Amino acid sequence: MRKTLPGLIALAAVSTLALTACSSDRTDNTAGATNTNTAAAGSELCIPVGATIGVALPQKTSENWVLAEQLFNDGLTAAGFEPIVQFGNSGVTEQQNQIEAMVEQGAAVIVVGAIDGSQLGTQLEAAKASGATVIAYDRLVKNTEAVDAYIAFDNYQVGVLQGTALLQGLAERKGDGPYNIELIAGSSDDANSIPFFEGAMSILQPKIDDGTLTVVSGQTTFEQVATQGWKAENAQKRMDTVLSGFYSGDTAIDGILSPNDTLARAALVAVAQAGKDTPVITGQDSEVESVKSIVAGEQYSTIYKDTRDLVAQTIASIVALQNCDEIPINDTEQYNNGVKVVPAYLLEPKIVTQANAAEVYANDPTLGPLTAG
Ligand code: GAL
């Protein structure tokens, strides 16, 4: 049975462990922006029917963000809210201004997919002062108390799955070690990039230490391997340089750790242009082109983080707040944002390879059912 968004919202609203994330009573909010909506007759609501909900998304650096925009607009409208869903296409300043405007328009909840999680403190503190609840979506908001909850796939686990898949793929496709590899990380302004990288290195570092893996370029720190803006051209350019500088002659590149699909495909272009055999390469986001590449036996793995589930969990949290309930939380330890441990609801990411792609995507409206080839 294909999961529908309203069904997912109802499902997600059945919370597991729940902790209070403060939510103001917007029906009698006197601090900051007033809310012109009226509560549904006869029911005690902490957020009125028709309330404005702000959703500040980063940039369309991968397909999951494009899907999130449509799902938030459809799902929030279906739940009886007035959504304002915007991308910060031109960067951090635009996203800061968008959040300020959402506060001025009396948003009862502001959901933030931060371009740079460390540069929104001023805007989110103003949101809190207006009585709004602040939810960090997918990416943690850093260095501010002004965030009530974090809803995401467990992004450290994403890295662990990627590191594990790289080792598995090397054993499957490249015979016995030792293996030559290179590392790619995400954009340094994306709070997820470090948990992705640290999760993967928790698996790979011991194998580097024991000589199973050699990073031929010697570039092993996050700063050395980060890809600004998640831009494919930046990853391809860096791989071009590494390959021409360290992989002359018949030196093989057996594996590449890539944090997402767009960068994986860019790295594969650089490797092909260097005349090298296809390496075992990881990815994330189950993008259409990468799923095809995995089914065809080229890219080795991706990660499935079903955006429908993440959006549904976020909207279910808003519905819970409207009903004066708690935001569902299932982790109160992992995500310290520099000034507080942010209560989180973490969904489980799935590793996908050629072996399980058909099964994983069977119910996905875009990717499934997979046809061979
Ligand atoms: C991350 C997100 C990843 C990927 C990346 C690039 O924040 O968690 O799934 O989309 O952005 O856009």
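The values are calculated or read from the model by the stated rules, or taken from the named source; none is laboratory data. The model shown is predicted, which means the values in this text are computed figures rather than measured ones. Here the Cβ positions follow ideal geometry from the backbone for every residue, glycine too, while neighbour counts run over all protein chains shown. When the accessible area is computed, the model is the full protein with side chains, heavy atoms only, and any ligands, DNA or RNA have been set aside. Shrake-Rupley method; radii C 1.70, N 1.55, O 1.52, S 1.80 Å.
Brief remarks on what is shown
- Inter-probe distance in nm under a simple model that places probes 7 Å from Cα toward Cβ, at Lys60 and Asn336: 3.9 nm
- Taking every Cα-Cα distance in segment 262-373 and sorting them into 5 Å bins starting at zero, the pair-distance distribution P(r) comes out as 2, 11, 16, 16, 14, 12, 12, 9, 5, 3, 1, 0, 0 percent.
- When DSSP beta bridges are restricted to pairs lying wholly in the chain, around 20% turn out antiparallel.
- Grouping the Cα pair distances of segment 173-253 into 5 Å bins from zero gives a pair-distance distribution of 3, 14, 23, 23, 21, 12, 4, 1 percent in increasing distance order.
- Electrostatic dipole magnitude of the chain [Cβ: Lys, Arg +1; Asp, Glu -1; Cα centre; debye, to 20]: 420 debye
- Both the radius of gyration and Dmax for the chain are 21.7, 77 Å, in that order, over alpha-carbon atoms.
- Placing unit charges on the Cβ atoms only, positive for Lys and Arg and negative for Asp and Glu, gives segment 278-360 a dipole magnitude near 100 debye about its Cα centre.
- With Cα atoms, 0 to 90° folded angle of helix 155-173 axis to the chain main axis: 20 degrees
- Net charge dipole size for segment 156-284 [Lys, Arg +1 and Asp, Glu -1 on Cβ; Debye, nearest 20]: 220 debye
- Counting only alpha carbon atoms, the long axis of helix 261-273 and the longest principal axis of the chain meet at about 20°.
- Length released on extending from Glu125 to Glu359, taking residue separation times 0.36 nm less the Cα-Cα span: 79.8 nm
- Share of carbon and sulfur in the accessible heavy-atom surface of segment 198-315 [1.4 Å probe, %]: 50 percent
- Extension gain for Gln219 to Gln105 (0.36 nm times residue separation, less C-alpha to C-alpha distance): 36.3 nm.
- Taking all protein chains into account, the per residue accessible area for the chain stands at 40 Å² (1.4 Å probe).
- Helix 63-78 and the long axis of the chain differ in direction by around 20°, with both axes built from C-alpha atoms.
- Inter-label distance for Glu233 and Val269, nm, one decimal - labels placed 7 Å from Cα along Cα-to-Cβ: 1.0 nm
- Stretching the chain fully between Gln70 and Thr93 yields a gain of 6.0 nm (0.36 nm per residue, less the alpha carbon separation).
- Two-site FRET efficiency, Arg173 against Thr212, from Cβ-Cβ distance with R₀ of 22 Å, rounded to 0.05: 0.90
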